[in-house]
Amino acid sequence: MLEDKDILLIALIIAMAYLAYAKGETLDEYIIRIAEENGVDPALVMGIIQVESNWNPKAVRVEPSGYKSIGLMQVTIQAARDVGYMGDEEGLFDPKTNIKCGVKYLRKMLDMFDNNIYKAVAAYNAGPGNVKRGRFSFAYVTKVMREYRRYKKMMV
């Protein structure tokens, strides 16, 4: 039996599917395309978006360190620059730009940690140096993996 939060999540995905972007792509189609182009499971990307921003493209989080995480995938300007983004922070509010940078950064973390999805997800959140030192949020990884499995089931 579906819970209210599951119904809300499904409704949100359906609603987002109807939000057309350039070239006639919906947001979910864009996520799937960019994820696949970068060798990342689209369901994992959706799981990260769910945990990071609850699908809010205007989400902003400022860390005590001063880092600002922006948009759907909560991308920092430092992570975006790390994968070749040349724009400013404001540009990261664009869902497509945010997803493209976030997916590329996730791919980089997967490569860095030999495709160990748990470590890559931890590094996406805490940074690779923190993961190498054993300093990361197990709760964050658990939440992302739960959402990843949920999206994986919905995509079958």
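Numbers at a glance
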quantity	calculated
Restricting the stretch 29-75 to residues that are of a type in the set (Ser, Thr, Tyr) and either under 11 Å from the mean Cα position of the chain (by Cα) or in a loop (DSSP other than H, G, I, E, B) (or both), the residue that is modelled with the highest pLDDT	53
Test: residue 15 is part of a helix (DSSP H, G or I) and modelled with pLDDT of 95 or more	no
Residues that are of a type in the set (Gly, Ala, Ser), surrounded by fewer than 15 Cβ atoms within 10 Å (Cβ to Cβ) and either in contact with a helix residue (DSSP H, G or I) (Cβ under 9 Å, 6 or more places away or on another chain) or not in a loop (DSSP other than H, G, I, E, B) (or both), drawn from the stretch 106-156	129, 137, 139
Close pairs from the stretch 43-72: first within 14 Å of residue 28 (Cα to Cα), partner aliphatic (A, V, I, L, M) and part of a loop (DSSP other than H, G, I, E, B), Cβ under 7 Å, at least 6 apart	48/73; 49/72; 49/73; 55/72; 57/72
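The values are calculated or read from the model by the stated rules, or taken from the named source; none is laboratory data. On a predicted model such as this, the values are computed, not experimentally measured, just so you know. All Cβ positions, even for glycine, are placed from backbone atoms using ideal geometry, and neighbour counts span all protein chains on display.
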